[in-house]
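For reference, the structure discussed in these notes is given below.
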Amino acid sequence: MHVVVGAGAVGSVVARLLVAQGERVRVITRSGSGPDGVERVAADAGQGLTEYVEGATAIYSCAGPAYNKWTAQWPLLGAALIAAAEASGATLVTTGNLYGYGAVDRPMTEDLPMLPNTVKGQVRAKLWTDALAAHQAGRIRTAEVRGSDYLGAGAVSPFSVTVLPKVIAGKRGMMPGDLDAPHSWTYVGDVARTLIAVAGDESAWGRAWHVPTPAPVSVRQLAARAAELAGAPQAKVAAMPPWILKLAGLVDPAAREMVEMQYQWQGPFVLDSTAATVAFGIKPTATDDALREMIGRP
């Protein structure tokens, strides 16, 4: 049995891929939601998971607290996942991100040290170091799979929220940052495929992997291509003055939490996924295909 914690953009794809492979899949969410063909369980993962993972061969961590509740809730969820993996003997594979590296001036590889420069980066780094310590102590088996900002069905990012809907509607989209800086975009389906590949390969455990990701493109380039694929007017995008985001943060918790992450959009933000591409033979999904999925065009 495979246990998937979370049924969002990544967790749902993981579950569907495993079902297609003939695996028994249990999906755990607060609401009891999940795709067809799986066993659905309604539970608060942060309150404990051990009773739901007996007999599991792998646990896929694909959930997460609301952005403004990371500091309070991620430690509880992280501890629950480690406890569940230890109790069941299942391999724990976690969906991570690039926050833990902090601000770097080179393409990010898995051997970079964890030097977070934000509160949320510190949270993510500790989740990994705690899990890795348990692995190195022989208590669990684990690995982390890290991607950049997501594209694909259900993907949520500053681009998908503030730019894409406006561009498709023929209006001007706005984002804070350098709109012409190269930026890596990871397809949610490739995250799911990498999670499954890592879970099934003993030699992949005990380290982090970057999801196979296409060559970077800027926000302006991405918006232009999305408009073309959607048959919309030529894309119009503008750099949002930082004060607008700070002002929005006075009333919107999500906007407030985005302020400290702006370094990711102020210059090149590039992920190097060579290691996983070679190890697992996963070819990154084309950016055009990921955009078509988001805008509902074949």
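The values are calculated or read from the model by the stated rules, or taken from the named source; none is laboratory data. All figures in this text were calculated on a predicted structure; none of them were measured in a lab. Because the Cβ atoms are built from the backbone with ideal geometry, glycine has one as well, and the counts that use them run over all protein chains shown. Accessible surface is based on the protein model in full, side chains and every heavy atom, while ligands, DNA and RNA are left aside. Shrake-Rupley method; radii C 1.70, N 1.55, O 1.52, S 1.80 Å.
For the range 144-187, the carbon plus sulfur part of the accessible surface works out to 57%, probe radius 1.4 Å.
Over all distinct Cα-Cα pairs of the range 93-230, the Kirkwood formula returns a hydrodynamic radius of 16.4 Å. Put simply, when 115-122, 228-235 are sorted by average Cβ atoms within 10 angstrom per residue, most first, you get 115-122, 228-235. The GluC sites (Glu not before Pro) of the range 1-106 that meet both conditions, a loop assignment by DSSP and at most 16 other Cβ atoms within 10 Å of the site Cβ, are 23, 54.
Near the amide H of residue 267, within less than 5 Å, lie the amide hydrogens of 178, all on another chain or at least 5 residues away, with H placed in the peptide plane.
So how many Å³ per residue does the convex hull of the Cα atoms of the range 30-123 work out to?
Dividing the Cα hull volume of the range 30-123 by its residues yields 131 Å³.
Hey, how much of the P(r) for the range 170-298 falls beyond 26 Å, as a percent of Cα pairs? For the range 170-298, the fraction of Cα-Cα distances above 26 Å is 36 percent.
First select every other residue whose beta carbon is under 14 angstrom from the beta carbon of residue 188; then total the charges, Lys and Arg +1, Asp and Glu -1.
Computed value for this residue: 0.
Heavy atoms of the protein chains alone define the surface here; on that basis the chain has 44 Å² accessible area per residue at 1.4 Å probe size.
Starting from the Kirkwood radius over alpha-carbon pairs of the range 173-240, derive D by Stokes-Einstein at 25 °C in a medium of 0.890 mPa s and give it in µm² s⁻¹. Rounded to a whole number, D works out at 172 µm²/s. Applying 0.36 nm per residue to the separation of residue 274 and residue 126 and subtracting their alpha-carbon distance, the gain on full extension is 50.8 nm. Between the helical axis of 188-199 and the longest alpha-carbon principal axis of the chain there is an angle of about 30 degrees. Whole angstrom only: what separates the Cα centroid of the range 89-162 from the Cα centroid of the range 196-245? Centre-to-centre (Cα) distance: 16 Å. Remark: C-alpha extents of the chain on the principal axes read 53, 40, 39 Å, sorted largest to smallest. Couplings for the range 23-31, taken from phi via the Karplus curve 6.51 cos²θ - 1.76 cosθ + 1.60 with θ = phi - 60°, read 8, 7, 10, 10, 10, 10, 9, 4, 8 Hz in order; Gly and Pro are left as x.
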